[in-house]
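Asker: Here it is: the structure, laid out below.
The values are calculated or read from the model by the stated rules, or taken from the named source; none is laboratory data. What you are looking at is a predicted structure, and each value in this text was computed from that prediction instead of being measured. Here the Cβ positions follow ideal geometry from the backbone for every residue, glycine too, while neighbour counts run over all protein chains shown.
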């Protein structure tokens, strides 16, 4: 099971009819956005392949959402450009960017804190 599946397992609610459990007991979410009332914050999981997707990622950060960037599909030059560009937007918004796995970064705006244990 990959890191993104693990994180999705943490943020989905047990018993949700649009999720099913995998063999390890984690919930798999099939991106159900029908029932979002009462949810205050979202974590966006993005898999950018090209630098052109930086604008979408930055828009989520500017809207106060945390973004997990899984950069495994992007080539090395685009990875570095994405990290540089998104880092600038995150820092301008007083946010934080953290490497949580090789080629996976967590970008948070000012209103979302991250505590490492």
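Asker: Would you pick out the residues in the range 59-91 that are within 13 Å of the chain's Cα centre (by Cα) and part of a loop (DSSP other than H, G, I, E, B)?
Answerer: 64, 65, 71
Asker: Right, another one. Limited to the range 101-117, what total is found for residues that are assigned to a strand (DSSP E or B) and over 12 Å from the mean Cα position of the chain (by Cα)?
Answerer: Quick first cut of the range 101-117, residues assigned to a strand (DSSP E or B) only: 101, 104-108.
So of that shortlist, the ones also over 12 Å from the mean Cα position of the chain (by Cα) come out as 101.
Counting residues in the range 101-117 that are assigned to a strand (DSSP E or B) and over 12 Å from the mean Cα position of the chain (by Cα) gives 1.
Asker: Check whether at least one residue in the range 68-78 is at pLDDT below 70 and in contact with a helix residue (DSSP H, G or I) (Cβ under 9 Å, 6 or more places away or on another chain), and report yes or no. Break it down into steps so the answer makes sense when it comes.
Answerer: Filtering the range 68-78 down to residues at pLDDT below 70 leaves none.
No, the range 68-78 contains no residue that is at pLDDT below 70 and in contact with a helix residue (DSSP H, G or I) (Cβ under 9 Å, 6 or more places away or on another chain).
Asker: Next up: Does residue 98 satisfy the criteria of being at pLDDT below 95, in a strand (DSSP E or B) and out of contact with any helix residue (DSSP H, G or I) (no Cβ under 6 Å at 6 or more places or on another chain)? Full working, then the answer.
Answerer: On the way: at pLDDT below 95: yes; in a strand (DSSP E or B): yes; out of contact with any helix residue (DSSP H, G or I) (no Cβ under 6 Å at 6 or more places or on another chain): yes.
Answer is yes for this residue.
Asker: Scan the range 48-76 for residues that are exposed (fewer than 14 other Cβ atoms within 10 Å of the Cβ), under 20 Å from residue 102 (Cβ atoms) and either touching a strand residue (DSSP E or B) at 6+ places or on another chain (Cβ under 6 Å) or free of Cβ contacts under 8 Å to residues at least 24 places away in the same chain (or both) and jot them down.
Answerer: Correct list: 75, 76.
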